[in-house]
Structures are given as structure tokens and as C-alpha cells.
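Working notes for the structure below.
The values are calculated or read from the model by the stated rules, or taken from the named source; none is laboratory data. Everything quoted here is computed from the prediction, not taken from an experiment. Neighbour counts are summed over all protein chains in view; Cβ atoms, including those assigned to glycine, are modelled from backbone coordinates with ideal geometry.
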Amino acid sequence: MLERLQKVMAEFGVASRRKCEELITSGAVRVNGIAVTTLGFKVDKEKDLIEVGGTLLKPAEKKVYILLNKPVGYITSAKDQFGRPTVLDLVKEVHDRVFPVGRLDYDTEGLLILTNDGELTYRITHPKHQVNKTYTAVVTGIMDSRDITAFQEGLAVEDYVTAPAKLEILKTLKHSTVVNITIHEGRNRQVRKMCAAVGHPVKSLTRIRIGQIRLDGLERGTYRHLTEPEVQYLYSLGGEQNDQD
């Protein structure tokens, strides 16, 4: 069966589908000895020989799915040019090569999935699938119903307007507010920018949920493997597994 090259690369555990697309357009991929730079190119993963950076691809021996409670002070990357610790330092006991699903900022903590399943990464992170991510934030000042409405209507942030988001006020303190914020976009530092846009800068930020996958008492800096039902649930968020887009 013919499938898009980037989809097959993701299934083989190269990287997320978006990263695979970048590898293709950069000229790093060859199929049967011929360089391919077209994203619409289709291959038969059972017959075609696919090379990335000169290395022949083989299907990942097994798929690994990890749920990590990321602490503040770690980079969501495989390595950092400044020598800062990365989330992979927290899963050194995992000998399979894995990569993060999406990102959490250096100063943001909470739920992060790591896997070698590029197709699942695509389904969770691609904007068209609109997978909800929920964060608990402590913000400066007292939020009220006007802020709830502003989040529902979308906020002007830099050069774009955010999609409607849900703001739930959990607790009002003397000089700050504890809130839950649910978004389905994943733009750079989006939650922090949204809060700043309504005059309530973030003091601390924790992602607590992706869809219905929760931290559920997982201690900061530790991880566990996702269960099979959890993996199947995450696949369901992105639609049918034979999606070709």
C-alpha cells in the first residue's frame, strides 16, 4: 500500500511527522537511491528503501509511550546548545530513542508525553485535530468574569488572534488568582501571552492534562509508561489511523 513518505518516516520512529517533512524538503531523504524533496511523494514501506541522512530506515522494534511530569528548569529537546538539562535526562533508564510530543517551556512544568511513535505525535500536535491541553496557572492580580469572556472570544496576541479558550477561576488570593486554562492551539508561550494580554502575567504554569490523560499524582521529575487504553485513546483524538493528510 502506498503511503505518504513523511507518514512512513514517522511510523518508523524518525521523528514527528512535521519534523519528517522538514527533513524531506531539506534534501536529507532518499528513496531507492533517489533524493526526494516533495511532500506528496508516496512509498510502499514494505518494498521501498528509505534513507535519512545516509542511514537506511528500519521499522522501530517497539513503540514506547512515556508520561513525564516535567519540572521547571528542563529543556523540551534532545539536547541544548547551552548545556542546560533536557527532559531526556529524566528518562535515562529508557534505552529506546524517544522524543517529546510538543513542547513545554523551560519555566513551565507538568505533563509531557515522550514517544518514538511519530504518527501519534502528529495526531496530538497538529492544529487540525484540536486536542485540548489544560494548564493550571497562578497569575498576578485578580481575574474575573471579564477575563473569562475575553478568553472565550479569543485574544489578540502579537500578530494573531487566539482560538476560543476556556478560563476557569479556581481560587482568588490576596494579590493573585489560581486558574485553569484549556486551549487546543500550541503556539510558542501561548498561555503566558494570553494572560499577559489581559493584564495578568503568569507567575507559575503547570500542564495538568492532554485530552483526558492526566498526571494523577505522578511526582515531579518522575515518569510512567502509558497504558494500552491510554495510547488508543490518544490515537482516537486524531481521527482514524489511516488519515493521509
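Listing for the model above:
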item	result
Members of segment 61-88 found to be at pLDDT below 95 and charged (D, E, K, R), listed by number	Glu61, Lys62, Lys63, Lys79, Asp80, Arg84
Count - residues of segment 20-52 that are under 22 Å from Leu114 (Cβ atoms) and either touching a residue at least 24 places away in the same chain (Cβ under 8 Å) or surrounded by fewer than 10 Cβ atoms within 10 Å (Cβ to Cβ) (or both)	3
Lone unmet requirement of (1) under 30 Å from Arg189 (Cβ atoms); (2) out of contact with any strand residue (DSSP E or B) (no Cβ under 7 Å at 6 or more places or on another chain); (3) β-branched (Val, Ile, Thr) for Ile75	(2)
Residue list for segment 7-21, restricted to those being modelled with pLDDT of 90 or more and either farther than 15 Å from Glu46 by Cα or not assigned by TED's automatic domain parsing to the domain that holds Val36 (or both)	Cys20, Glu21
Meets criteria (closer than 26 Å to Leu68 by Cβ, in contact with a helix residue (DSSP H, G or I) (Cβ under 8 Å, 6 or more places away or on another chain) and assigned by TED's automatic domain parsing to the domain that holds Thr182) for Ala137	yes
Residue ID - surrounded by the most Cβ atoms within 10 Å (Cβ to Cβ), chosen from residues in segment 53-87 that are out of contact with any helix residue (DSSP H, G or I) (no Cβ under 9 Å at 6 or more places or on another chain) and of a type in the set (Ser, Thr, Tyr)	Thr86
